[in-house]
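Undergrad: Handing you this structure, nothing more for now.
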There are 2 protein chains.
Amino acid sequence: MTLTSTTLHDQAKAANTASRKLAGISTEVKNAALIAIAEAIEANRMSILRANEQDLEAAKRDGLDFHMMDRMTLTNARVKDMADAARNIAALEDPIGEILEQRDMPNGLHLERVRVPLGVIGVIYESRPNVTIDIATLCLKSGNAVVLRGGKECILTNTVLAGIVKNAIESAGIPSDVVQFVETTDRALVKEMLEMDDVIDLMIPRGSAELVKFVGENAKMSAITGGVGVCHTYIDAGANLEHALKIVVNAKTKRPTVCNAMDTVLIHQSVAREFLPNLATEFGVHDVELRADGRAMSVLDALPGGAKVVPAKSDDFGTEFLGLIASVKIVDSIDDAMYHIAEYGSKHSEAIISENTEAIEKFLNEVDSGAVFANTSTYFNDGAQFGLGAEVAISTNKLHARGPMGLKEITTYKWKVRGQGQVRE
Amino acid sequence: MTLTSTTLHDQAKAANTASRKLAGISTEVKNAALIAIAEAIEANRMSILRANEQDLEAAKRDGLDFHMMDRMTLTNARVKDMADAARNIAALEDPIGEILEQRDMPNGLHLERVRVPLGVIGVIYESRPNVTIDIATLCLKSGNAVVLRGGKECILTNTVLAGIVKNAIESAGIPSDVVQFVETTDRALVKEMLEMDDVIDLMIPRGSAELVKFVGENAKMSAITGGVGVCHTYIDAGANLEHALKIVVNAKTKRPTVCNAMDTVLIHQSVAREFLPNLATEFGVHDVELRADGRAMSVLDALPGGAKVVPAKSDDFGTEFLGLIASVKIVDSIDDAMYHIAEYGSKHSEAIISENTEAIEKFLNEVDSGAVFANTSTYFNDGAQFGLGAEVAISTNKLHARGPMGLKEITTYKWKVRGQGQVRE
């Protein structure tokens, strides 16, 4: 099949038309469709795995690396995980129809602000095929139609999965047009998809920082730009240094490749001589390279052993390392720390370690990030850890949704006004 | 003063830095500053009026038309209105600090989702000088710093007003940097201001449809695009036609130049022969020109007198007339009406007139507009009429805020997470 942008626009337009019906479909029917998807995934396990095997063979021929192949690979267990994920979404509360506020006006008009779906969500994603199920089910539950554009590596797997989803929802009585899968991987179409603001309400990129940036810069509709976290932890004068060490090590080493991993430690000068040597020792144990500013260097120079320590270059501040590297800087005050964060941060996740209530409140109030933490690890910035039930993305936008986005965060509202013939004088 | 884009960026950056302090300032201090603004406006009435007179003289020399001059003109009464507006904002509830949700997680972390200011709001506006006070006070109350860029016609008036605001808030103990007024009217700077997404979080255009469009297309930061309303009223088979006539006339004629004025009447074929003659008569009384589709023409052709009726051209549907013109179309069903609205509407305000509950609910649920009305006039789509206390704009965006935007709608939230040393396993 040769897909032109006209065909893609037709698909998005069909999603848009179907989305208006989906907005009125009951929670029971949506949940039945989600269960049907879970069952169909299990029933079609063999054909899913066969398609995945073909994708993997092609990937091997193309010389893709081990990490990429691993992300692509489905197993019996991973297929079951996808089915379970669909069942989990069915179990979540339906955000649609919630009355956010209502009032009766003196002229007798009744006003309701009601939560409604956004309409059509476009998703551009990369290698993991489970994203197809993940996003299709999140959108279905939140009443949104979706246009899915997956990476070329998993095209066969994704095509099978999308077909399963479409059949399952159709069988539950929902028009299958609410899920559109783009069966081509021509890169030029991505750019064209980003211009279809007449039929797509929101774009969500899922993948590399490069993809997120491209979508953010080129989408004519709104886009969730997130996933890039230059995360700071500030060790205050009043910190419990034992907690500080445990938290910094957790935030840096538990999963260094994710966006909520810590990048920079800011240390109040009054505790630097006590804290830095222990930090260097612990980072040494975990193979973390320390990139230290001049003042931190002068403390660390005197130390035998511990972590690898190198002088920080200017771009070691404001960088998301996505690996076992951390920059460290000594500051004179909490204000200096907050100034540094404002200059170099990405408004994602920042923490203060302190026993001083005033310092904590100042930091939590004045640091302008989606999630701010006191005496705990930035690695907690996550939909599941925040109790949202599901995570669509972690937003660093300031409008609409901030931090972890769950089902509610891919909805909007409308005002419904009911009268009995009132006119405005 | 020659203002370069560097100077403008410095102003926006100063606003950004000051905004972090403003976020933590108490309601009492903000209200005191608002009262101080009101008092300073009254105390400086004469110098405001003198500056305004100079602007008006320049406008006369430049040959500006009567409507423009009228919008620019301040009088004793209008100065008092500005002071009263500032007092009204002081009396509104402070949106900042509201805890939108909170929970304790099993690991002991305490989570709060707290309403916070957006940061820095940029406003580009045209002739009315009261916008300077209006927006500065709305931003102050909602904890946002603001960069004001008014039109060149009122530059002297606006400069005086901005100076009054800055002095008054400084006297109340708030850094005057939170209000920045751009003292030049060089048009090239508008474009550059729209690129300052490093220091401005949200742009609000206040003025012509052309300005709104320009800002929407060129702003690198988020922008409120609204104010353009192609508004429909659908007269259902089950309508009370007496209500329908009264509502349609109100929505079209009460203030035809505003965005919530009705543009198109869609009439169910079963009531067209009864309704259209009365509509033509009433529109005749109010000097409204009717642009009728073929089927409506064939009914109206047979009528003596009434409104001026001409055959609708294709672009009479989907046009915001902003004057005493309405297009009219006969439809076969509510679905046809909703299809027309989806094709030609601007997602602003649409109404159904019907006594049939099922039709009303279908319309309110499936029409995808910021505000949907049953048995009342689209002219009610307004912050004050919705009980929001103040109106910043009427948004036709689907993300962040929809419909009338009050104080809450120019805020965002952040997650505050408080722990006692927890790390994530």
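Undergrad: If I go through region A:387-425 residue by residue, how many of them are within 23 Å of A:GLY345 (Cβ to Cβ) and within 7 Å of another protein chain (Cβ to nearest Cβ)?
TA: 5
Undergrad: Go through region B:371-392 residue by residue and tally those that are more than 24 Å from B:GLU361 (Cβ to Cβ) and either buried (at least 24 other Cβ atoms within 10 Å of the Cβ) or without any contact (Cβ under 8 Å) to a residue 12 or more places away in the chain (or both).
TA: Adding up the residues that qualify gives 2.
Undergrad: Quick check on region A:336-354: of everything there that is within 10 Å of chain B (Cβ to nearest Cβ) and out of contact with any strand residue (DSSP E or B) (no Cβ under 6 Å at 6 or more places or on another chain), which residue is surrounded by the fewest Cβ atoms within 10 Å (Cβ to Cβ)?
TA: A:TYR339
Undergrad: Being under 17 Å from A:ARG20 (Cβ atoms) and either of a type in the set (D, E, K, R) or without any contact (Cβ under 8 Å) to a residue 40 or more places away in the chain (or both) is the requirement here; does A:ARG115 meet it?
TA: yes
Undergrad: Within region B:77-115, how many residues are farther than 17 Å from B:THR132 by Cα and among the polar types (S, T, N, Q)?
TA: 2
Undergrad: Exactly one of these conditions fails for B:ASP94: (1) more than 30 Å from B:GLU192 (Cβ to Cβ); (2) over 25 Å from the mean Cα position of the chain (by Cα). Give me its number.
TA: So B:ASP94 meets the others, but not (2).
Undergrad: For residues in region B:373-386 being facing chain A (nearest Cβ under 7 Å) and among the hydrophobic types (A, V, I, L, M, F, W, C), which is nearest to B:MET405 (Cα to Cα)?
TA: In this case the residue turns out to be B:PHE386.
Undergrad: Would you be able to tell me the number of residues in region A:275-309 that are of a type in the set (Lys, Arg) and crowded, with 16+ Cβ neighbours inside 10 Å? Give the derivation first.
TA: Within region A:275-309, the first condition is being of a type in the set (Lys, Arg), and the residues that meet it are A:291, A:295, A:308.
Right, trim to crowded, with 16+ Cβ neighbours inside 10 Å and you get A:291, A:295.
Counting residues in region A:275-309 that are of a type in the set (Lys, Arg) and crowded, with 16+ Cβ neighbours inside 10 Å gives 2.
Undergrad: Is it the case that some residue within region B:67-82 is surrounded by 18 or more Cβ atoms within 10 Å (Cβ to Cβ), in contact with a strand residue (DSSP E or B) (Cβ under 7 Å, 6 or more places away or on another chain) and hydroxyl-bearing (Ser, Thr, Tyr)?
TA: No: zero hits.
Undergrad: Hey, among the residues in region B:310-335 that are within 14 Å of another protein chain (Cβ to nearest Cβ) and in a helix (DSSP H, G or I), which one's surrounded by the most Cβ atoms within 10 Å (Cβ to Cβ)? Talk me through it step by step, then tell me what you get.
TA: Restricting attention to region B:310-335, the residues satisfying the condition of being within 14 Å of another protein chain (Cβ to nearest Cβ) are B:318, B:334-335.
If we keep only those that are in a helix (DSSP H, G or I) as well, we get B:334-335.
Numbers: B:ILE334: 23, B:ASP335: 11.
Among residues in region B:310-335 that are within 14 Å of another protein chain (Cβ to nearest Cβ) and in a helix (DSSP H, G or I), the one surrounded by the most Cβ atoms within 10 Å (Cβ to Cβ) is B:ILE334.
Undergrad: To continue, here is another question. Is it fair to say A:LYS362 is within 22 Å of the chain's Cα centre (by Cα) and among the basic types (Lys, Arg)?
TA: no
Undergrad: Of everything in region B:99-108, what is without any contact (Cβ under 8 Å) to a residue 60 or more places away in the chain and of a type outside the set (Val, Ile, Thr)? Give them in sequence order.
TA: B:GLU101, B:GLN102, B:ARG103, B:ASP104, B:MET105, B:PRO106
Undergrad: Right, another one. Suppose we keep only residues that are acidic (Asp, Glu) and assigned by TED's automatic domain parsing to the domain that holds A:GLY150 within region A:196-242. Which one would you say is farthest from the chain's Cα centre (by Cα)? Before the answer, list the steps.
TA: Quick first cut of region A:196-242, residues acidic (Asp, Glu) only: A:197-198, A:201, A:210, A:217, A:236, A:242.
From what's left, assigned by TED's automatic domain parsing to the domain that holds A:GLY150: A:197-198, A:201, A:210, A:217.
Working: A:ASP197: 22, A:ASP198: 25, A:ASP201: 18, A:GLU210: 15, A:GLU217: 18 Å.
Applying the filter and picking the extreme gives A:ASP198.
Undergrad: Looking at the structure I just gave you, is B:TYR339 in the same structural domain as B:PRO311 (by TED's automatic domain parsing) and touching a residue at least 60 places away in the same chain (Cβ under 8 Å)?
TA: Answer is no for this residue.
Undergrad: What's the total number of residues in region B:260-274 that are touching a residue at least 60 places away in the same chain (Cβ under 8 Å) and surrounded by fewer than 23 Cβ atoms within 10 Å (Cβ to Cβ)?
TA: Final tally of qualifying residues: 1.
Undergrad: Now, a different point. Would you be able to tell me the number of residues in region A:89-105 that are among the hydrophobic types (A, V, I, L, M, F, W, C) and part of a strand (DSSP E or B)?
TA: Result for region A:89-105: 2.
Undergrad: Another question about this same structure. Out of all the residues in region B:359-372, is one or more more than 8 Å from every other protein chain (Cβ to nearest Cβ), within 17 Å of B:PHE275 (Cβ to Cβ) and not charged (D, E, K, R)?
TA: yes
Undergrad: Follow-up question, since we're still on this one. Does A:ALA401 satisfy the condition of being buried (at least 21 other Cβ atoms within 10 Å of the Cβ), part of a strand (DSSP E or B) and aliphatic (A, V, I, L, M)?
TA: It is false that A:ALA401 is buried (at least 21 other Cβ atoms within 10 Å of the Cβ), part of a strand (DSSP E or B) and aliphatic (A, V, I, L, M).
Undergrad: Give me a count of the residues in region A:336-362 that are under 18 Å from A:ASP315 (Cα atoms) and assigned to a loop (DSSP other than H, G, I, E, B).
TA: 3
Undergrad: Looking for whichever is closer than 20 Å to A:THR411 by Cα, buried (at least 19 other Cβ atoms within 10 Å of the Cβ) and within 26 Å of the chain's Cα centre (by Cα) here; the options are A:LEU34, A:LEU8. Which one fits?
TA: A:LEU34
Undergrad: Determine which member of the set A:ASN44, A:ASN107, A:ASN52, A:ASN76 is under 30 Å from B:GLY370 (Cβ atoms) and of a type in the set (S, T, N, Q).
TA: One residue alone meets the criteria, A:ASN107.
Undergrad: So which residues in region B:223-246 are surrounded by fewer than 23 Cβ atoms within 10 Å (Cβ to Cβ) and closer than 21 Å to B:ARG273 by Cβ?
TA: Passing the criteria: B:ALA237, B:GLY238, B:ASN240, B:LEU241, B:GLU242, B:HIS243, B:LEU245, B:LYS246.
Undergrad: Now a separate question. Can you tell which of B:ASP81, B:ASP65 is acidic (Asp, Glu) and more than 29 Å from B:GLY383 (Cα to Cα)?
TA: From the options B:ASP81, B:ASP65, the qualifying one is B:ASP65.
Undergrad: Let me ask you something else. Answer with yes or no whether A:MET72 is in the same structural domain as A:MET193 (by TED's automatic domain parsing) and either free of Cβ contacts under 8 Å to residues at least 24 places away in the same chain or over 22 Å from the mean Cα position of the chain (by Cα) (or both).
TA: Against the criterion (in the same structural domain as A:MET193 (by TED's automatic domain parsing) and either free of Cβ contacts under 8 Å to residues at least 24 places away in the same chain or over 22 Å from the mean Cα position of the chain (by Cα) (or both)), A:MET72 does not qualify.
Undergrad: Within 13 Å of the chain's Cα centre (by Cα), hydroxyl-bearing (Ser, Thr, Tyr) and at pLDDT below 95 - does that describe any residue in region B:389-398?
TA: yes
Undergrad: Now for a different question. What pairs can you find where one residue is in region B:277-295 and assigned by TED's automatic domain parsing to the domain that holds B:VAL248 and over 16 Å from B:MET262 (Cβ atoms), the other is in a helix (DSSP H, G or I) and acidic (Asp, Glu), and their Cβ atoms are less than 6 Å apart, with a gap of 6+ or different chains?
TA: none
Undergrad: Going by what's in this entry, would B:GLY108 be described as closer than 21 Å to B:HIS400 by Cα and part of a loop (DSSP other than H, G, I, E, B)? Reasoning before the result, please.
TA: Values: closer than 21 Å to B:HIS400 by Cα: no; part of a loop (DSSP other than H, G, I, E, B): yes.
When the stated conditions are applied, B:GLY108 does not pass them.
The values are calculated or read from the model by the stated rules, or taken from the named source; none is laboratory data. Note that the coordinates shown come from a computational prediction; the quantities given were computed from them, not determined experimentally. Positions of Cβ are backbone-derived with ideal geometry, glycine not excepted, and every protein chain shown enters the neighbour counts.
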